[in-house]
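First comes the structure, then the notes that go with it.
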Amino acid sequence: MRDADAPRPMPTALADGSEAEDVPFGALQPCVGIRDWLLGEGARLPKADDLLAGLAERLNAIGVPIDRASTAIDTLHSEYSGVGRVWTRGAGSTVRLFPHGEVSAKAYQASPFYAVHESGEWLSLDLAKTADDAYAIIPELKAAGYTHYLIAPLIFTNGTKNGITFATRAEGGFRDDDIAILRFVMPALAAVMEMRLLNKQLDTVLRIYVGDEPHRAILSGDIRRGQVRRIRSAILFADMRDYTRLSADRTPEGAVDLLNAFFDCLVPPIEREGGEVLKYLGDGLLAIFRETGDDLGGAAKSALTAAEAALAALTEANAVGRFGEGEPAVDAGIALHHGEAAYGNVGSGTRLDFTVIGRDVNLASRLARLNRTLQEPLLMSKPFVDFLWGDPEYLGSHALDGFEERMMVYRPGRRPAAKAAAAE
């Protein structure tokens, strides 16, 4: 619903007062009450579903026969392009996500929302006189007993094109007075929906690009350079083995596909175990698992579980050819350490980064370089295994670049074949 080259239409929220002229006598005060509710309580409701339901219920209370209301809202998200919500009398609200891609684009172009975006005008359909093939939703509406269907464009101040619909089962459909009331409340509704959407988009985009906990810290005001706090956590570094060789014959787009498939194996296990992916480092990533409460071994256990699950997912992905038919196997090196770090803002001027900095972070990154040297997919430092139950295998004491002291390094204990088979 975005077109950067098209001229921006007039935002729906820019009302000039003329929308009040057609409101029926005696209805203006309750209409102003609905508008005030939208701009006050409605703007602060925790769920967007409650906003649509609350509006429909208040319209019904003043005699506008709303039996169904729906919205289609453009959004900024890495996985879907828009969100659809539908409220029906007696059944409540449902939500539908529209994924990016050709299927959603074609569905939009065949919808009444596209028609009102092109015309800039409301569309009023007497369903008894509307052909079933006019729009895909028409047969569904008729089968449910609706008589009249209204579609209105909701244009936000940034130019995005959204929409709202109302349907009724009332005999004779919506009256002119009903439509006048809907037109009166529409600018306030558009303003509130845009405010709510912008807040949601800021929250979503920050979470996508900096992670869950950092985005909460930033939104709470942690945006000054040097504003950091110390944390103790398990630290996970992971990278792809031989990325340069694996990507050498791929197009740039193919290299992106390779990395995405690789991260699809690593990131879900990390997030399932409560880890935070703080950085994508080219062909690798940095994640932390915070210590919480008195369970000092919980972070290390979660990090190890996530690392082993990631390696298992990578093995499965290679087996089913997720990295390309006939392509070489993709392997990872993962290093686990436990320690303290400064967690917060670093950078210059108005360009900052939210990350973890400190000796233990550097040590974990140097430990990751030993994966190739020792030909081990998963290595753990002595400070990390000190928090584990079990019997990891000692791989010796090794020098790490930039550190004078040597580090005792371990790998997870190998299970006896009989026990491994029984576990499976």
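Things to note:
- Values [x] 19.5; [y] 22.9; [z] 28.1 are given for comparison; mean projected area of the Cα convex hull in nm², derived from the coordinates here, is the one labelled [z].
- When the alpha-carbon atoms of the stretch 289-383 are used, the pair Rg, Dmax equals 16.6, 49 angstrom.
- With a Förster radius of 41 Å applied to the C-beta separation of residue 202 and residue 169, the computed FRET efficiency comes to 0.60.
- Relative counts (whole %) of C-alpha pair distances in the stretch 1-111, using bins that are 5 Å wide: 2, 9, 15, 18, 19, 17, 12, 6, 2, 0
- Length added when fully stretched, residue 305-residue 137, from 0.36 nm per residue minus Cα-Cα: 55.8 nm
- Spin-label model, residue 39/residue 406: points 7 Å from Cα along the beta carbon direction are separated by 7.4 nm.
- Whole-number percent relative contact order across the chain, with pairs defined as alpha carbons under 8 Å at least 6 apart: 13
- Stokes-Einstein diffusion of the stretch 262-318 at 10 °C, 1.306 mPa s viscosity, Kirkwood radius from Cα pairs, rounded to a whole number: 136 µm²/s.
- Ranking 193, 408 from most to least accessible surface, computed with a 1.4 Å probe over the protein chains only, gives 408, 193.
- Proximal lysine pairs, the chain, alpha carbons under 18 Å, eight or more residues apart or interchain: 5
- Dipole in debye (nearest 20) - the chain, about Cα centre, beta carbon charges: Lys, Arg +1; Asp, Glu -1: 940
- The stretch 249-286 and the stretch 297-360 have Cα centres separated by 8 Å.
- Rolling a 1.4 Å probe over the protein heavy atoms of the chain, with every protein chain left in place, gives an accessible area that is 52 percent carbon and sulfur.
- Here the stretch 79-121 yields Rg over Rh of 1.05, to two decimals, using C-alpha coordinates and the Kirkwood radius.
- For peptides 180-187, 139-146, 81-88, sequence by mean Cβ density within 10 Å, most packed first: 180-187, 81-88, 139-146
- The calculated pair-distance distribution of the stretch 359-400 uses every alpha carbon pair, bins of 5 angstrom beginning at 0, and gives 5, 19, 34, 25, 15, 2 percent.
- Test item: Cα-centred dipole of the stretch 280-424, Lys/Arg +1 and Asp/Glu -1 on Cβ, debye: 140
- Cα gyration tensor, the stretch 222-357 - rounded (a/c under 1.5), prolate or oblate: oblate
- Span-like helix ranges in the chain, DSSP H, alpha carbon extent 15 angstrom or more, Kyte mean at least 0.0: 48-61, 176-210, 252-272, 298-319
- Compared with the direct C-alpha span, the chain from residue 395 to residue 94 gains 102.9 nm at full extension, assuming 0.36 nm per residue.
- Taking each DSSP H run with n ≥ 4 as -39500 (n - 2.57) and averaging over every residue of the chain yields -12000 deg cm²/dmol at 222 nm.
- Ordering 28, 66, 48 by the projection of their Cα atoms onto the charge dipole of the stretch 1-80, which places +1 on the Cβ of Lys and Arg and -1 on the Cβ of Asp and Glu, puts 48 at the extreme positive end.
- FRET efficiency for residue 177 and residue 109, using Cβ-Cβ distance with R0 set to 41 Å, rounded to 0.05: 0.75
The values are calculated or read from the model by the stated rules, or taken from the named source; none is laboratory data. The model shown is predicted, which means the values in this text are computed figures rather than measured ones. As a convention, Cβ positions derive from the backbone with ideal geometry for all residues, glycine included, and neighbour counts pool all protein chains shown. Just so you know, the surface numbers come from the protein's heavy atoms only, side chains and all, with ligands and any DNA or RNA stripped out. Shrake-Rupley method; radii C 1.70, N 1.55, O 1.52, S 1.80 Å.
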